[in-house]
Amino acid sequence: ANLKNNDLSLDEYTRYGRQLILPGFGKSGQLKLKNTSILIVGAGGLGAPVAIYLAAAGVGKLGIIDYDTVEKSNLQRQVIHNESREGVSKAQSARMTIEELNSLCQCVAYDILLDSSNALEIIEKYDIVIDATDNVATRYLLNDACVMAGIPLVSGSALRMDGQLTIYNYKGGPCYRCLFPKPPPPESVLNCSDGGVLGVVTGVIGCLQALQAIKIATDMNGGPHNLLIFSATSYPLFRSMKLRPKKEDCALCGERPSITELIDYVQFCGSGAL
Amino acid sequence: ANLKNNDLSLDEYTRYGRQLILPGFGKSGQLKLKNTSILIVGAGGLGAPVAIYLAAAGVGKLGIIDYDTVEKSNLQRQVIHNESREGVSKAQSARMTIEELNSLCQCVAYDILLDSSNALEIIEKYDIVIDATDNVATRYLLNDACVMAGIPLVSGSALRMDGQLTIYNYKGGPCYRCLFPKPPPPESVLNCSDGGVLGVVTGVIGCLQALQAIKIATDMNGGPHNLLIFSATSYPLFRSMKLRPKKEDCALCGERPSITELIDYVQFCGSGAL
Amino acid sequence: MSLIKVKLSFSGGMELLFNNIKQKHIEISSSINPPNATTMKDLVCKFNFTILIKISDNLLKERPELFMSGDTVRPGILVLINETDWELEGELEYEIKDGDDIVFISTLHGG
Amino acid sequence: MSLIKVKLSFSGGMELLFNNIKQKHIEISSSINPPNATTMKDLVCKFNFTILIKISDNLLKERPELFMSGDTVRPGILVLINETDWELEGELEYEIKDGDDIVFISTLHGG
Ligand SMILES: [Zn+2]
Ligand SMILES: [Zn+2]
């Protein structure tokens, strides 16, 4: 991000005081956040803490995409919504909470279904994309669009008692297709509606996605390319696994890419819910 | 907790559906949560996600203690509050957010300073206590009161880019005094106001405190007694360390305790801000 | 030829295929396919139908497509050897050593 | 007598005493105090004023009370050896082995 906003207001000095005195962050970190725009795809269990903590931290612009409306069964984990928002678009509900929390954050709600026809156009307006979605097809769509647009993708997922976190397409690391060139067989895939999820697992992973986005925005050291594995019922709770660098022969981010435009991801994955 | 509420309403079946279908949780787990009361001490950076996720999950009764009022500089991490709550008691503000999120949760706001004169009386009304405080003296107070009352204490802390998480006084594990019989020298102690903190670090640790409380409430396996260490700038982000069991010669929870009633913790720690 | 100890872990839903076992210490021959050293290929592609099927309590036998595809693991499963992507370790050619920590993890898609 | 490699980590604010170093691999004698094997006591109480002070760039020398108290570490510091509370490993009497991973962590109180 180019630092077009190169100073902080008095209001911002007060609000972000705890970060301004933080060694290794300070005013330069705060200015970088102010000049960063982040797109959050999904305003559900993962997207809720991501949006809340990124707005609180002082990210200048947040985009939030979700086509669903708030239902009672969401409130067990999608804590950016509340009982009064039942029936409201999730993207709009998320924007309302963000504006109450930090009116300095410019928040754009996209009440649309992201697909191959609109993904690139939207994504190109942002510096970082957060994958907080709930299905395989959208995960490939986001990955492909981020590689084409040259944008890092902070990917989180949660199911039952487990969670996973990876940054794709960042500093020579792999993209989603480097790790998973072929989609999984549809019968092996579960989402939260069918498999269930302990709400706070999405809280843990979503907070960590927000953290990784902040680290990218402020150029903090992220260590080696890695996959973080979380399991609420295991000891230790977390394990970090070193990942391969990007693959030379990746069909998307490799040296001779064969995928050069967005495709039909529902067909590619053999399963829908895009 | 004795299961005096031994069934779920239709509303609860809808709301907690994702947990009811969760293997290893299900209806029995949900009923245990409904019959558990949890006291959250501190409605700040840690207490915010703890209260939000425990209420969302369906904990029957939450107590929230805080004597502060909401200030703008809190909103960078204390995401249970918002701009309209500036000047409002933090305990009351937290209760308001909880009631909007889950009106089924009975939430009691304690707008008081917890000290040796009132701690035991309040704590004894709850099954689990969450330490989400910001100073050494209150940490010893809570530890001593929890041991005297026989209640597990889920302790979290966050400062700068680091966080720590431990469960004290649970299943033969240590109490805070087993690990730290003497308080640290006051000049070695920093709080978030002086040392700064990246907001989302409190989010990560607070979510994990909520998780541990849910695991205690539902008798999920917690592994060995341990300390979880988090550092936002290290690789790996998390490390788990096995801790000693409770010490036979602990002055508080040992076989011949010399501390049998609450003391003056400000004097004991040589530093205030209780 | 001797016995080597290996720790297997199953995560992200893989444990459902393995009788809900998340971790299992096993002992295997250092040369399943003499005179060659035991490799990941032996574990995943052949051994599969003895040790892994035994651990899975025959679930794998009934639905091998949830674990296998061709001569390697199915798409969507990541294999990690000593906390490192097996791609960096030689994948199927990796020679398993005493004390190795092998994780089979299924990627999650929920949110 | 030989050299052993040890990984030291400083966390929870301890790194501020050690020149902002979070991790450092050092080599020390297997018998600092011959003929006895090197123990944690050698590292913390005596060695302190050579290796640890060197790592700390003399910060420790100026304010030893932020690290030491009597002949052990000050209250509020936890020592962990190979991811385990040093209390379970013999504390000051623990004999340091090649490859040991020793963490000094200061407890945090913020929230
Ligand atoms: Zn790629
Ligand atoms: Zn004790």
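The values are calculated or read from the model by the stated rules, or taken from the named source; none is laboratory data. Note that the coordinates shown come from a computational prediction; the quantities given were computed from them, not determined experimentally. Ideal geometry is used to build each Cβ from the backbone, glycine not excepted, and the neighbour counts take in all protein chains shown. To get the accessible areas, we keep the full protein, side chains included, count just its heavy atoms, and leave off ligands, DNA and RNA. Shrake-Rupley method; radii C 1.70, N 1.55, O 1.52, S 1.80 Å.
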Checklist entry - Which peptide among B:53-65, A:47-59 comes first, and what is the full order, when sorted by highest mean count of other Cβ atoms within 10 Å? => result A:47-59, B:53-65
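In terms of the Cα gyration tensor, with a ≥ b ≥ c the square roots of its eigenvalues, is region A:163-227 rounded because a/c is under 1.5, prolate because a/b exceeds b/c, or oblate? The partial results should precede the final answer.
Details: a/c = 3.56, a/b = 1.31, b/c = 2.73.
Since a/c reaches 1.5 but b/c is at least a/b, the shape of region A:163-227 is classed as oblate.
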Item to check | Size of charge dipole - the protein assembly as shown - debye, nearest 20, with Cβ of Lys, Arg +1 and Asp, Glu -1, no other charges | outcome: 300 debye
Checklist entry - To one decimal in nm, how far is C:THR50 from the same spot in the other copies, if labels go 7 Å from Cα toward Cβ? Please give the shortest first. => result 5.5
Checklist outcome for this item: Here the alpha-carbon Rg of chain B over 2.2 N^0.38 Å rounds to 0.97
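Using only atoms on other chains, find how many Cβ atoms lie within 10 Å of each Cβ of peptide A:240-249 and report the average. Mind dumping the intermediate values first?
Numbers: counts 7, 10, 8, 6, 6, 3, 0, 1, 0, 0.
Other-chain Cβ atoms within 10 Å of each residue's Cβ, averaged: 4.
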Checklist outcome for this item: Asserting the computed 222 nm helical MRE of the protein assembly as shown (DSSP H runs at least 4 long, -39500 (n - 2.57) per run, divided by residue count, to nearest 500) equals -7000 deg cm²/dmol
Next on the checklist: Taking the full set of protein chains and a 1.4 angstrom probe, give the accessible area of B:LYS72 in square angstrom, rounded to the nearest 10.
Outcome noted: 50 Å²
Checklist entry - Past the 28 Å Cα-Cα mark, which pairs from B:LYS182/C:LYS22; D:LYS5/D:LYS54; A:LYS4/A:LYS215? => result B:LYS182/C:LYS22
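I'd like to check one number: the per residue accessible area of region C:3-106, probe 1.4 Å, reported in Å² as a whole number.
Solvent-accessible surface per residue comes out at 44 Å².
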Item to check | Separation in nanometres of the label points that stand 7 Å from Cα toward Cβ, at C:ASN58 and A:SER28 | outcome: 6.5 nm
Checklist outcome for this item: Relative to the compact-globule estimate 2.2 N^0.38 Å (N residues), the Cα gyration radius of chain D stands at a ratio of 1.00
Item to check | Positive dipole terminus of region D:3-106, leading residue within D:GLY99, D:ILE53, D:GLY12 (C-beta point charges) | outcome: D:ILE53
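Between beta-carbons, use under 12 Å as the cut-off and find the net charge around C:LEU60, counting Lys and Arg +1, Asp and Glu -1. Kindly include the intermediate steps, with their values, before the conclusion.
Details: positive: C:LYS54, C:LYS61, C:ARG63, C:ARG74; negative: C:ASP57, C:GLU62, C:GLU65.
Net charge around C:LEU60: +1.
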Checklist outcome for this item: To the nearest 20 debye, region C:3-106 has a Cα-centred charge dipole, built from +1 on Lys and Arg Cβ and -1 on Asp and Glu Cβ, of 440 debye
Checklist outcome for this item: Chain B to chain A by rotation: the residue of B with the beta carbon nearest the axis and the rounded distance in Å are B:PHE238, 2
Next on the checklist: Compute the distance from the alpha-carbon center of region A:101-117 to that of region A:11-33, in whole Å.
Outcome noted: 25 Å
Item to check | Antiparallel content of DSSP bridges confined to chain D, in %, to 5 | outcome: 75 percent
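Over the alpha-carbon set of the protein assembly as shown, divide Rg by the Kirkwood Rh and report the Rg/Rh ratio to two decimals. Working shown, then result.
Numbers: Rg = 25.8 Å, Rh = 27.0 Å.
Using Cα coordinates only, the ratio equals 0.96.
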Next on the checklist: Label position 7 Å from Cα toward Cβ: report the copy-to-copy distances for C:LEU3 in nm, one decimal, ordered from shortest.
Outcome noted: 3.9
Checklist entry - B:GLU255 label points, 7 Å along Cα→Cβ, one per copy: pairwise distances from this copy to the rest in nm, shortest first? => result 7.1
Next on the checklist: For the pair B:ASN221/B:SER103, report the inter-label distance in nm, with labels modelled 7 Å from Cα in the Cβ direction.
Outcome noted: 4.1 nm
Checklist entry - Can you pull the percent of the protein assembly as shown's accessible area that's carbon plus sulfur, 1.4 Å probe, other chains left in place? => result 48 percent
Checklist entry - D:LYS7: which aspartates and glutamates have alpha carbons under 15 Å from its alpha carbon, excluding same-chain residues fewer than 8 sequence positions away? => result D:GLU15, D:GLU27, D:GLU83, D:GLU95, D:ASP98, D:ASP100, D:ASP101
